[in-house]
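Heads up, the thing below is written out as structure tokens.
Only the coordinates and a few stated rules stand behind these numbers; no lab work does. Fair warning: this is a prediction, and the values are worked out from it, not measured in the lab. Here the Cβ is made from the backbone with ideal geometry for all residues, glycine too, and neighbour counts use every protein chain on show.
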There are 2 protein chains.
Amino acid sequence: MMRRMAGLGPNEALIGRAGSRSALDTPALIVDLDALERNIAAMAAAARAAGVALRPHAKTHKSVRIAGMQVAAGALGICCATLGEAEAMVDGGLPGVHITSPVVTPPKVARLMALHRRAERGLSVVVDHPENLAALDRAAGAAGRPLAVLVDFSAGHGRTGCADEAELVRLARAAIAAEGLEFRGIQSYSGNLQHIARRAERRARTLAELERLGGMLRRLRDSGIAVPIVSGAGTGTFDLDPEARILTELQVGSYIFMDVDYLRALKDGRNAAPFETALFVATSVVSVNAPGYVTCDAGLKCFATDGPAPEPAAGAPPGSRYEFFGDEHGKLILPPGAPRPPLGAILECVTPHCDPTVNLHDVYHLVRGDTLVDIWPVDARGKR
Amino acid sequence: MMRRMAGLGPNEALIGRAGSRSALDTPALIVDLDALERNIAAMAAAARAAGVALRPHAKTHKSVRIAGMQVAAGALGICCATLGEAEAMVDGGLPGVHITSPVVTPPKVARLMALHRRAERGLSVVVDHPENLAALDRAAGAAGRPLAVLVDFSAGHGRTGCADEAELVRLARAAIAAEGLEFRGIQSYSGNLQHIARRAERRARTLAELERLGGMLRRLRDSGIAVPIVSGAGTGTFDLDPEARILTELQVGSYIFMDVDYLRALKDGRNAAPFETALFVATSVVSVNAPGYVTCDAGLKCFATDGPAPEPAAGAPPGSRYEFFGDEHGKLILPPGAPRPPLGAILECVTPHCDPTVNLHDVYHLVRGDTLVDIWPVDARGKR
């Protein structure tokens with residue numbers, strides 16, 4: 001017998017109440033809706049000004065609603081890291097869904113074809129190997145309409161993608177020749193460049209990588225192959241890539257939320273990005289018996305642990321730090337002389353690495369100022 | 001329009017098919033059911049032999065079914081780290097549910113009282129502060145029946161719990177005097193001792209801590225206070241704590257799965273625990289274009305990142321290592337001369353820190369030998 005509140009969680013009754021942001025049942029993932037809207041508008045304006053299209057990455061938010069806001073602001077579609085994310089986005093009605101990682105195994109190819117059959121508004125996927133290309137060709141042939149593919153180029157990152165120009169050309173020609181496939185272009189994502197600390201170095205390496213890619217594309221086009229789409233970039237290089245005029249669209253993700261890493265780069269003036277923090281985790285003080293710190297209710301099942309620590313924000317004494325204190329707790333370390341937050345006090349933290357932090361939560365709590373205005377599911381949380 | 005397979009995920013059709021373990025849609029969280037059953041039986045036997053009761057910790061598995069197996073093997077109840085876990089366990093019919101962290105804020109206290117009203121088979125919670133004790137007393141008085149509480153003692157860990165004997169006595173007396181509460185005993189969990197590498201040091205510090213606790217309990221009992229329950233311990237000290245004959249029950253969790261950390265202690269002979277690995281993540285090779293490694297489809301949204309790396313097991317060339325390669329990918333680094341797993345090959349990894357790894361998955365894939373025999377939900381995943 002299940003009597004728990006399902007779906008939107010224990011805070012649903014607070015929607016619309018003034019002051020509800022500071023009365024949430026915690027831990028709670030919070031999105032500042034005003035900041036989110038400004039971030040989406042700022043990236044849309046920057047891309048328009050630079051003459052490049054946007055297909056933002058849903059791996060960051062995994063939310064049909066937020067993807068819809070990005071498309072409403074002019075994005076021509078949505079990128080997905082996993083097939084499960086693409087299923088959520090297609091079934092949520094999003095157009096132009098592109099899967100940025102190879103879909104390889106037989107069960108995944110079967111799911112991809114089921115999705116392809118129902119993706120009325122566009123679906124594409126990368127390929128980086130002739131065997132995978134042949135498997136997709138056979139399966140899409142049986143599905144009765146061609147599947148759009150982009151050839152993935154590794155661009156020095158080496159995670160996925162073909163390793164050299166010869167392989168790129170071979171795969172592009174094979175895709176064009178395949179009756180079940182439609183060759184749509186090239187993906188080249190430099191994940192290794194997004195977090196280079198010094199902006200000058202990040203710019204130099206980004207432009208060098210794009211120049212190399214540009215040469216390959218020129219030769220490809222000179223040999224008579226049309227390459228309508230060239231897709232890449234991230235929030236760390238979104239304003240650098242367009243200088244090279246090589247990419248036709250940007251796969252930016254983190255700009256909508258801005259986590260601790262990206263914010264530090266902003267504060268240091270190393271990044272020109274006109275974005276602001278929109279993502280927080282609210283946590284409550286649940287134990288106050290130790291000197292110098294209090295224990296809060298958000299631990300490593302609430303925050304990603306692959307990057308910096310959460311950064312205390314609203315409600316925390318200035319100068320305090322947050323450390324993990326097990327699965328369900330955090331230690332708010334107080335600076336000398338700081339007032340001690342009382343038992344039950346609520347504070348917010350800027351999140352470490354935003355993508356895997358979001359993946360730990362079932363819902364977003366949307367706030368405007370101090371008011372909870374809505375709760376949205378993290379639709380593709382945990383979907384592979 | 002949602003046409004995805006819901007609930008049990010894409011592998012449901014494979015249940016019962018011979019060889020299905022190596023044909024799973026990946027990444028997939030796998031439990032070796034034979035090993036799980038042996039681990040549960042071994043801990044039950046060890047506790048019986050030592051004359052101590054078990055109330056295993058559900059924070060590890062968050063599964064009503066696995067908790068039921070532990071109770072069927074003789075456990076007198078189930079511990080929970082969060083109220084959300086306790087809701088899942090009570091609503092799943094489990095007896096003797098004990099919440100090991102303070103439940104403090106007004107929304108949490110309201111949920112606790114709703115749970116208390118429907119927990120026919122027993123519910124208790126720790127308190128570590130007089131304000132929280134008073135709040136629970138008021139709320140439980142209104143609920144019409146007393147709420148069982150254990151006073152939490154910090155035991156040098158300092159995460160939660162009162163800090164000294166004077167406070168312990170004060171809280172115990174306050175709980176006894178409170179009409180809405182029933183004083184049930186003391187919790188003293190030494191989370192800081194579980195992972196001490198050298199067994200001799202772990203034993204010495206565990207027994208010293210328990211001797212201190214024993215003195216406090218003697219004085220408490222000499223002053224006329226009955227202390228029926230003394231709860232603590234973890235998988236790292238389960239065979240050391242009973243020596244002191246202080247604890248009446250053990251809150252062990254990780255023994256059912258055994259992760260990389262605990263297994264290393266086992267292999268080094270530092271731990272006498274008769275347990276074996278029961279938890280794995282299956283991952284597929286999705287890109288093979290780089291020298292010296294292949295890229296797999298399980299990254300830091302599939303594995304906890306607060307401890308060691310995943311450890312390659314079945315299907316991986318001996319001597320290979322696994323490194324994180326972004327949110328959705330891992331790098332299987334091959335030893336010199338090792339055969340290269342082909343595109344689409346499936347391998348398994350022993351998981352890093354098991355509790356937060358489980359929390360990243362919606363379902364367990366139960367296997368016996370090479371066959372998927374069932375799929376169970378991770379009922380309390382993400383529940384706070």
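Counting from the shortest, the label point at A:Arg212, 7 Å from Cα toward Cβ, is 5.7 nm from the same position in each remaining copy. Let a ≥ b ≥ c be the square roots of the eigenvalues of the Cα gyration tensor of the stretch A:34-259; is it rounded (a/c under 1.5), or, if not, prolate (a/b larger than b/c) or oblate? In terms of gyration-tensor shape, oblate. When a/c is below 1.5 the answer is rounded, else prolate if a/b is larger than b/c, else oblate, so apply that to the stretch B:1-117 with a ≥ b ≥ c taken from the square roots of the Cα gyration tensor eigenvalues. Oblate.
When the charge dipole of chain B is built from unit charges on Cβ atoms (+1 for Lys and Arg, -1 for Asp and Glu) and taken about the Cα centre, the candidate among B:Val169, B:His329, B:Thr305 whose Cα reaches farthest toward its positive end is B:Val169. Taking every C-alpha pair closer than 8 Å and separated by at least 6 residues, the mean separation divided by the residue count of the stretch B:35-151 gives a relative contact order of 18 percent. Between amide H atoms placed 1.01 Å from N, distances below 5 Å from B:Val373 occur with B:Gly16, B:Leu366, B:Val367, B:Arg368, all of them 5 or more places distant or on a separate chain.
Here the relative contact order of chain A, from alpha carbon pairs under 8 Å that lie six or more residues apart, stands at 22 percent. Sorted shortest first, the distances from the B:Glu201 label point to those of the same residue in the other copies are 3.6 nm; each point sits 7 Å from Cα along Cα-to-Cβ. Distances between copies of A:Glu120, taken at a point 7 Å out from Cα along the Cα→Cβ vector and listed shortest first: 4.9 nm.
Counting 0.36 nm for each residue step from B:Arg219 to B:Arg198 and taking away their Cα separation leaves a gain of 4.3 nm. Scalar couplings 3J(HN,Hα) for the stretch A:293-302, obtained by applying the Karplus form with A = 6.51, B = -1.76, C = 1.60 to θ = phi - 60°, are 7, 10, 9, 10, 9, 10, x, 7, 8, 10 Hz; x denotes Gly and Pro.
Centre-to-centre separation between the Cα atoms of the stretch B:143-216 and those of the stretch A:76-114: 50 Å.
Residue of chain B with the smallest Cβ distance to the axis mapping B onto A, distance rounded to whole Å: B:Thr305, 2. Taking every residue in A:45-55 and counting other chain Cβ atoms within 10 Å of its Cβ, the average works out to 0. Across the stretch A:34-259, Cα pairs under 8 Å and at least six residues apart give a relative contact order of 19 percent. Sequence neighbours fewer than 8 away in the same chain don't count; with that in mind, list the lysines whose C-alpha is under 20 Å from B:Lys62. Within reach: A:Lys301, A:Lys383, B:Lys108, B:Lys301, B:Lys383. From helices alone, the protein assembly as shown scores -9500 deg cm²/dmol at 222 nm; the rule is -39500 (n - 2.57) for each run of n ≥ 4 DSSP H residues, then divide by the residue total.
The ranking of B:Glu211, A:Glu348, A:Glu37, A:Glu249 from fewest to most other beta carbons within 10 Å of each one's beta carbon is B:Glu211, A:Glu37, A:Glu249, A:Glu348.
Restricted to Cα atoms, the stretch A:252-384 shows a radius of gyration and a Dmax of 15.1, 48 angstrom.
Comparing B:Tyr293, B:Tyr262, B:Tyr189 in a Gaussian network model of chain B, where Cα atoms under 10 Å apart are tied by springs, the biggest mean-square fluctuation is seen for B:Tyr293.
Packing-based ranking of B:88-100, A:212-224 yields B:88-100, A:212-224, ordered from highest to lowest mean Cβ neighbour count within 10 Å. For the stretch A:313-326, backbone phi angles converted through the Karplus equation (6.51, -1.76, 1.60; θ = phi - 60°) give residue-by-residue couplings of 10, 3, x, 9, x, x, x, 7, 10, 10, 10, 5, 9, x Hz, Gly and Pro being listed as x.
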